[in-house]
Structures are given as C-alpha cells and as structure tokens.
Amino acid sequence: MKEKKSFINRIYREKDIKKVETKINQFGVSKKFTTEYFMNFRLYSSMIMFVVLFIFIDYGALLAPIITVIWYWLVGYTMIDKPLRKREKKLDSEAYYYFEVLTLALESGRNLENAIKMACKYIDSEISDEFKETLKQVNFGKSLTESLSLMSARIPSLTVNNIILNMEQSNLFGNSIIDTMYNQLDFLKDKQIMDIKAQINKIPNKISIFSVLFFIPLILLIILGPVLIEFLIG
C-alpha cells in the first residue's frame, strides 16, 4: 500500500523540507516544535495575513503580496534563524569549560565514554545536555562513534562540531585523544580571544552611531534653540 504523503510533502519540494528539518534538528534536546508544525504555521499564517490585508486595507491588492512575503521571511527568522545564532554563540561560550573538564577526566585514566559521563555529572549547561543525550543513545545500543555523529546534526556550531569530529576519529582509529583535546582547547582559547577583540573593535562604531543619533541633534538644538525661539516669538 502506498504511503500517504503529508500536506507539507505535497506542496513543498523535498529538498526544502530537508533544509528546514536540518535547521530545526540543530535545536537539539531543546527543540520545541517539529518541521511539520513550523511549515504549516508559516504557510497558514501567511495565507491569513494575505487575505486580511487584501480585503481590509487600502491598496490591499498592492500591499498584501509585499507584506505577506515579509511576514513569511520574518517567521523563519524569528522562529529558527535568530534563535539558532543565539544557540550557536551559547554553545561556543560553554565549549571551553566543558571540554577542559572532559580532558582532565581523560588525563586521569578514564576512557572517552566515562570522561563524557564525568563532565556531564559536574557541568550543567546546554552542551552538557547534548552529551547526556549522546550517552542515552549509547545506553540504547548505539556505538559511541555513531552517537557522536548523530550529536553533530544537533549542533549549529562549526567549532563544537569540529571537536566532536576529532573525538569520533580518535575513538574510531585509536589516536591519542588527549593530545587532540589539548589542541582543540588551544584553538577554543584563541577563538575566544579573537571574539573579544572583535567585540572591542565594534565599540567605536557603536559610539559613533550613538553620537550621530543622540548627541549631534541635541547640540544642534542647543545652538539653534535661541534662534528658533526668537523667530517664533517675532
């Protein structure tokens, strides 16, 4: 018997569904909605938006398509793209501490799986939750390498995924995982320093924008205020 396709499978291309699904899976264990829910919500809300604007506002025939396209994009941005960027930054900020503890556990003689367990036991963070899910999959019968590979699909951070890939390869081929982890920790430290420098370099631009928007109009008002008052009174 032929499997019945869902509504989104009938109106969207499979590669478009897969693209959205890949992004939503990157929310990991904190994922709050399914691909089907998101795509249905975006489609139906856009349709309602179009009909309401078309019928009830002036120049609806002209404005409805434009506003609906903007709405369609905003739904994707606010529900997926923006939260994913926030999650990526959070995972990057948590990575150094988590992997430092994991490396210390490896140095004490534990194997990779037990080192992950120890790090998860003492660290409560978003990245720790993802490793806990990985350990759960191992308990259900998957290999650690396979579980780490599945974890990569739940992580939007390229930096963290690079470390996970190195852990997979070390676990699979028996390389020195401690040396690998120290190299990754050095990379994370350098990246954090570069990110801080980048934030510092942005400060003058922010100050300039703030000055243009607030201080310059205020100065002009102080200078021209008496002239304007005299003009209005006269």
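The values are calculated or read from the model by the stated rules, or taken from the named source; none is laboratory data. All figures in this text were calculated on a predicted structure; none of them were measured in a lab. Every residue, glycine among them, receives a Cβ derived from its backbone with ideal geometry; neighbour counts consider all protein chains shown. Note: accessible area is taken over every heavy atom of the protein model, side chains too, but ligands, DNA and RNA are not part of it. Shrake-Rupley method; radii C 1.70, N 1.55, O 1.52, S 1.80 Å.
Only one of the numbered conditions (1) outside any helix (DSSP H, G or I); (2) modelled with pLDDT of 75 or more is not met by Q192, and that is (1).
Results for (1) of a type in the set (S, T, Y); (2) open to solvent by 30 Å² or more (accessible area, probe 1.4 Å); (3) over 30 Å from M39 (Cβ atoms), shown as yes or no for each residue.
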site	(1), (2), (3)
V69	no, yes, no
W73	no, yes, no
S93	yes, yes, yes
N139	no, yes, yes
Q169	no, yes, yes
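Right, I177: of a type in the set (V, I, T) and at pLDDT 70 or above or not? When the stated conditions are applied, I177 passes them.
Residues in segment 152-194 that are without any contact (Cβ under 8 Å) to a residue 60 or more places away in the chain and either among the aliphatic types (A, V, I, L, M) or within 13 Å of D92 (Cα to Cα) (or both): L158, N161, N162, I164, L165, M167, L172, F187, D190, I193, M194. In this structure, does E113 turn out to be of a type in the set (D, E) and in contact with a Leu (Cβ under 9 Å, 6 or more places away or on another chain)? Yes, satisfied. A single member of K82, K86 is within 14 Å of the chain's Cα centre (by Cα), farther than 15 Å from I155 by Cβ and exposed (fewer than 13 other Cβ atoms within 10 Å of the Cβ), and it is K82. Listed here are the helices (runs of 4 or more DSSP H) enclosed by segment 106-171 that have at least 3 residues being charged (D, E, K, R): 112-122, 126-139.
When A64 is tested against (1) touching a residue at least 40 places away in the same chain (Cβ under 8 Å); (2) surrounded by 18 or more Cβ atoms within 10 Å (Cβ to Cβ), only condition (1) is not met.
Of all the residues in segment 5-59, those that are aliphatic (A, V, I, L, M), open to solvent by 80 Å² or more (accessible area, probe 1.4 Å) and touching a residue at least 24 places away in the same chain (Cβ under 8 Å) number 1.
Applying a threshold of 8 Å to beta carbon distances and a minimum spacing of six or more residues, or different chains, the list of pairs starting in segment 72-99 at a residue that is more than 16 Å from E130 (Cβ to Cβ) and touching a residue at least 60 places away in the same chain (Cβ under 8 Å) and ending at one that is open to solvent by less than 40 Å² (accessible area, probe 1.4 Å) and part of a helix (DSSP H, G or I) reads I80/V20; I80/I24; I80/F38.
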